[in-house]
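Only the coordinates and a few stated rules stand behind these numbers; no lab work does. Everything quoted here is computed from the prediction, not taken from an experiment. Methodologically, a virtual Cβ is constructed for each residue, glycine included, from the backbone with ideal geometry; neighbour enumeration extends over all protein chains shown.
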Amino acid sequence: MKRPSTDTRSNKSERKKPRLGACRTRYKTFRDTNFPSNLRSLPHVLNEIENFLLPPEEAMVEAASTNQLDWLKSLVDRYDSHVLDAVLLAARLEDIGSLELLTPHMFDSNELKGGAWDVCRIAIHTAAKSRSCDVVRFLLSLVDSADECRQMARTVVGIAAARGYLDILLIAADTADTADTADVELSINSIGFALSLAICGKQSEAAIFLVSRYYRILDLSEGLEKALIYGMGQVADCIYGVITKQDNETPFEDFFVNLAGDGYANAIEFLYRRGHKETKLLGYALDNAVCADQMEVLRMILNTERVTQDRIGETLLIAARHGKFSPVEFLVQNSRISDRQTKKAFENASKLAISNYLFDKLDDQGF
């Protein structure tokens, strides 16, 4: 983590005013009071009263927010263990100026104090959830390890996507994408999870942002299915636009066929209604569906009535060879399978249950 500069803020007239409530006035009165010598001889009593009126972390934020640097230094010297709590408080208050003065005290000889990394992580999460762009940007800038920076930014991407905070989402995405030592697989998983959060939270703009920016690395099949389930038509249209791009690394035909294997019947039907009704394409999708026991997809494709009986016979043979009893049974019961096709599937069945079932069918037909 980078140690921030200890320079004071240049424009003092624009500094935030203290926001710690009525205790501040009573605390100031207490600090300005000249106590009798017999009471001053009991400093622990005065310290207890002082802490009761304004806890150390609140006092630090008060000192930082009003640019009382001598007071801040004395507080840090006396209550060093409360610095991290003060950083968290400043983050919750969205007080970027106080953070600029407090975060340098998180270091000992350019090394983070114990627990400081966890505090920074919590502070970033808090700021992201409250949509404090300046605080998120500032705290992320302190993280100089590429791996840690990317890990933190990926988490913020998910937080922002779930809430539809496009400004925070852009900051986090830019930070994650500029990290030098990217774990590609982890990045894909985290961005995919963020897309799922955006869709489930019905945050259309956030979902469209992620699809448009990361379509080259994302598996959009699940995203398309979820967008249709959650009624996110704009997101589904966006995904359709990118999967049909000529420069997309995954050919559209492969995408369509893989949908069938994953059981995404809604997505298959969506693309079918968009005009993707080629018999050859549907046949390959049918094969993939039976191999994965995706009965809903199998039923949907058969209901289009665009797959020929000969092609259905080929799919039956594939199902028998792969030992898929349910697809075999469904095809036999719901298609006009010929005796020849049934016999061929029987001869190539890889499981006894399928062989017995097809034998009974042949026997019933007097074959």
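Tabulated results
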read-out	value
Inter-label distance for residue 365 and residue 188, nm, one decimal - labels placed 7 Å from Cα along Cα-to-Cβ	4.4 nm
Nitroxide proxy distance, nm - points 7 Å out along Cα→Cβ at residue 355 and residue 321	1.8 nm
Quarter of the Cα convex hull surface for the stretch 262-311, i.e. its orientation-mean projected area (nm²)	3.0 nm²
Table column - 3J(HN,Hα) (Hz), the stretch 155-162, Karplus curve with 6.51, -1.76, 1.60, x for Gly and Pro	5, 5, 4, x, 4, 5, 5, 5
Cα gyration tensor shape for the stretch 94-163, rounded if a/c is under 1.5, else prolate or oblate	oblate
Residue 121-residue 278 FRET efficiency (beta carbon distance; Förster radius 51 Å; 0.05 resolution)	0.50
Cα-based Lys proximity count in the stretch 224-367, under 16 Å, for pairs eight or more positions apart or on separate chains	6
Check: the stretch 128-174 dipole with +1 on Lys, Arg Cβ and -1 on Asp, Glu Cβ, in debye	260 debye
Added length on full extension, which subtracts the Cα-Cα distance from 0.36 nm per residue, residue 234 to residue 73	52.6 nm
Diffusion constant of the stretch 145-250 at 37 °C, which comes from Stokes-Einstein with the Kirkwood Cα-pair radius and 0.692 mPa s, µm²/s	242 µm²/s
10 °C / 1.306 mPa s Stokes-Einstein diffusion coefficient of the stretch 283-335, Kirkwood radius on C-alpha pairs, µm²/s	152 µm²/s
Tensor-based shape of the stretch 268-361 (alpha-carbon gyration tensor, a/c under 1.5 rounded, otherwise prolate or oblate)	prolate
Net charge of neighbours whose Cβ lies under 12 Å from the Cβ of residue 282, counting Lys and Arg as +1 and Asp and Glu as -1	-1
The stretch 234-282 - convex hull of the alpha-carbon atoms, volume per residue in Å³	81 Å³
Using θ = phi - 60° and Karplus 6.51 cos²θ - 1.76 cosθ + 1.60, couplings along the stretch 275-285 (whole Hz; Gly, Pro as x)	x, 8, 10, 4, 4, 5, 5, 5, x, 4, 5
